[in-house]
Amino acid sequence: MEIRGLGMQLADKRNVRELRGSGFVEELRKMVEWVNSEQKKAEKIKEMVLMGKEIPLHEMLIQMEKAKTALNLLIQVRNKLVEAFQELNRMQV
């Protein structure tokens, strides 16, 4: 049986976590990508309507609202993260 120091065990666990991807960071990245895709969809539909394509106006409005709501959600998540970070900084060690 091999005896290893605690530092090696922690390093091994850290490497496994890096290989799997950081859960929270990965989810945050997916959310940003989703918001970006919603914004792009809204922009594409808006351009198509402005070019005179046969797209119902209500579809453009729905997509614009989806993009707006997605962006507002991302802003609220960011605000909560900043608030949590500030709270951690106020803690005394």
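Quick look at the numbers
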item	result
Failed criterion for I75 (all others in (1) part of a loop (DSSP other than H, G, I, E, B); (2) open to solvent by less than 70 Å² (accessible area, probe 1.4 Å) hold)	(1)
Tally of residues being small (G, A, S) and at pLDDT 95 or above across the range 20-64	2
Positions within the range 41-64 being open to solvent by less than 60 Å² (accessible area, probe 1.4 Å) and of a type outside the set (A, V, I, L, M), in sequence order	G52, P56, Q63
Residue count, the range 26-40 (criterion: open to solvent by 90 Å² or more (accessible area, probe 1.4 Å) and either free of Cβ contacts under 8 Å to residues at least 12 places away in the same chain or more than 8 Å from the chain's Cα centre (by Cα) (or both))	5
A42 part of a helix (DSSP H, G or I), over 24 Å from F24 (Cα atoms) and touching a helix residue (DSSP H, G or I) at 6+ places or on another chain (Cβ under 8 Å)	yes
Any chance A84 is surrounded by 11 or more Cβ atoms within 10 Å (Cβ to Cβ) and either of a type in the set (G, A, S) or modelled with pLDDT under 95 (or both)	no
Number of the exception - Q76 against (1) over 21 Å from L28 (Cβ atoms); (2) within 22 Å of the chain's Cα centre (by Cα)	(1)
Filter result for the condition that a residue is modelled with pLDDT under 90 and open to solvent by less than 90 Å² (accessible area, probe 1.4 Å), over A67, A11	A11
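The values are calculated or read from the model by the stated rules, or taken from the named source; none is laboratory data. Source: prediction; values computed, not measured. All Cβ positions, glycine included, derive from the backbone under ideal geometry; neighbour counts span all protein chains shown. These accessible areas exclude ligands, DNA and RNA; they are computed on the full protein's heavy atoms, side chains included. Shrake-Rupley method; radii C 1.70, N 1.55, O 1.52, S 1.80 Å.
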